1. Among the residues of region A:83-109, write down those that are over 18 Å from residue A:142 (Cα atoms) and touching an Asp or Glu at 6+ places or on another chain (Cβ under 6 Å).
2. Given the criteria among the β-branched types (Val, Ile, Thr), crowded, with 20+ Cβ neighbours inside 10 Å and more than 14 Å from chain A (Cβ to nearest Cβ), does residue B:266 qualify?
3. Enumerate the strands (runs of 3 or more DSSP E) found wholly within region B:230-298, keeping only those where 3 or more residues are of a type outside the set (S, T, N, Q).
4. Suppose we filter region B:277-293 for residues that are loosely packed, with under 12 Cβ neighbours inside 10 Å and under 15 Å from residue B:325 (Cβ atoms); how many remain?
5. Being assigned to a strand (DSSP E or B) and either surrounded by fewer than 24 Cβ atoms within 10 Å (Cβ to Cβ) or of a type in the set (Ser, Thr, Tyr) (or both) is the filter here, so list the residues in region B:192-207 that pass it.
6. What are the residue pairs meeting all of these: first residue in region B:66-87, first residue more than 14 Å from chain A (Cβ to nearest Cβ), second residue open to solvent by 40 Å² or more (accessible area, probe 1.4 Å) and of a type in the set (A, V, I, L, M, F, W, C), Cβ atoms under 8 Å, and 6 or more apart or on different chains?
7. For residues that are in contact with a His (Cβ under 9 Å, 6 or more places away or on another chain) and aliphatic (A, V, I, L, M), tally how many sit in region A:76-119.
8. Condition first: farther than 16 Å from residue A:57 by Cβ, β-branched (Val, Ile, Thr) and surrounded by 13 or more Cβ atoms within 10 Å (Cβ to Cβ). Now tell me which residues in region A:110-149 satisfy that.
Amino acid sequence: MFHRPLIACLCASLLAATPLRAQESPVALRGEVHVVRVVDGVETRQPPEQVVPGDKLVFSTHYRNTQAVAVDGFVVTNPLPAQVMLAADGPFEVSVDGGTEFGPLASRTLTENGAVRPATLADVSHVRWTVARLEPGAEGELSYFATVR
Amino acid sequence: MTTPRLPLRSAALAGAALAAAALSAAPLTAGGVDAGTLISNTATATFTTGGHPQSVTSNTVTVRVDELLNVTTVSNDAGPVTINGSAVLAFTVTNTGNGPEAFTLLADPNVGGNAFAASVSGLALDTNGNGTYEPGVDLPLINGGATPVLAADASQVVFVLVSAPTGLANGATSQVRLRAEAVTGTGAPGTLFAGAGHGGGAAVVGTSGASALGNGGLVAQVAAVSLVKSATIADPFGGSRPVPGATVTFSIVASVGGGAAADALVIADAIPAGTTYRPGSLRLDNAPLTDASDGDAGAFIGNSVRVDAGSVPVSATRTVTFAVTID
């Protein structure tokens, strides 16, 4: 959609800002990661400057409806990096099959050597949150904890 | 499949509950993701506005995994190694960190409670990986030298060559301690060496302190030789009184006890003052020996008798007899 010559873009942005803004996503997503450390018995989130296997990370996604119209069926999907393992269940659905099917962790199973077993935190490949509707200006943060394998 | 739908406020509250639940998660230990690995996370959202499906992707956040310095040292010997002069102790040093690392090796024979202190003559690296020390094959290393760089989770078998002091009691025990320390550095867990990690990050001391020691046991297996000397007297008058002219026959019984054969056992005795050796009377286990220093085991030299009994096995005895005349 930005294949027009540069001069045309500049003109468009100067003279017709509103149409351009309409092409931006109405929802802004901002990812963050922190390392979770217990300092004097209190769990704190610190910049991930030193991270080693066994450390707990918290991956957060901040969302905001930046537009004047409501957003429906807002679903945020986050594939887990292969180097981490989900550290705790949470208010999200999970997938243990690479993102094909989702549901509460307790409902997930795996078949190994012909036997079905309940899925564990270590089996989770994706987490997913669903928010029915984002009114204009609505914002929030979704996060999951993971341990570096 | 139905999807639970969370209003905004409860999503935030649930986040707090999640944080509390995460406290109980057990951390992983040894090995783990390789040092220098980049962990990247990206979220994607789908939604509709005015019935039109749309999607948006978050920025990608990236974390670099630092090098964790961890090591273990364990003895490979099933029990105390017998030592009779010298012995070889075997240990395995394992890089339980997540990056390539070399380890300084230091063997210490002075461990509290030792009945004796062995001396460390050197170390050797099991270069062919067969677990058995082979002089000339396995790479010699000075005490205090370092292993080659070991990959994460890789091991190195280390031999500690020790020798025992003389005069040990049979069965005396001693420990030799091998300590392996990460060359990058050691310290309290969490100690940081900025920029020293594999892959450009920091090196962080793990729960081992980046230092580990293992103890190997030694048990002295030495020969214990006891000598019992007795004498019988035959006087010229058919009696057994120690008068001039009487013959005294001495018998020395050497018994080998302890845990090992006595090698090169020499039994020697000086002729008592006031007596004269009776030529040709020297015997070993009742077999006559010549008085000359020659091919046989016995000799009479410098007014002493001397018998070279050779190697005498455990629990065996050797009996030397000789006769003198009272002057």
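1. Matches in region A:83-109: A:96 only.
2. Considered against the rule, which asks whether it is among the β-branched types (Val, Ile, Thr), crowded, with 20+ Cβ neighbours inside 10 Å and more than 14 Å from chain A (Cβ to nearest Cβ), residue B:266 comes out as no.
3. B:247-258, B:262-270
4. Result for region B:277-293: 1.
5. Filtering region B:192-207 down to residues assigned to a strand (DSSP E or B) leaves B:192-193, B:203-205.
Correct list: B:192, B:193.
6. B:73/B:213; B:81/B:88
7. Adding up the residues that qualify gives 3.
8. A:120, A:130, A:131
The values are calculated or read from the model by the stated rules, or taken from the named source; none is laboratory data. Since we're looking at a predicted model, the values are computed, not measured. Please note: Cβ atoms are built from the backbone with ideal geometry, for glycine as well, and neighbour counts cover all protein chains shown. Accessible surface is based on the protein model in full, side chains and every heavy atom, while ligands, DNA and RNA are left aside. Shrake-Rupley method; radii C 1.70, N 1.55, O 1.52, S 1.80 Å.
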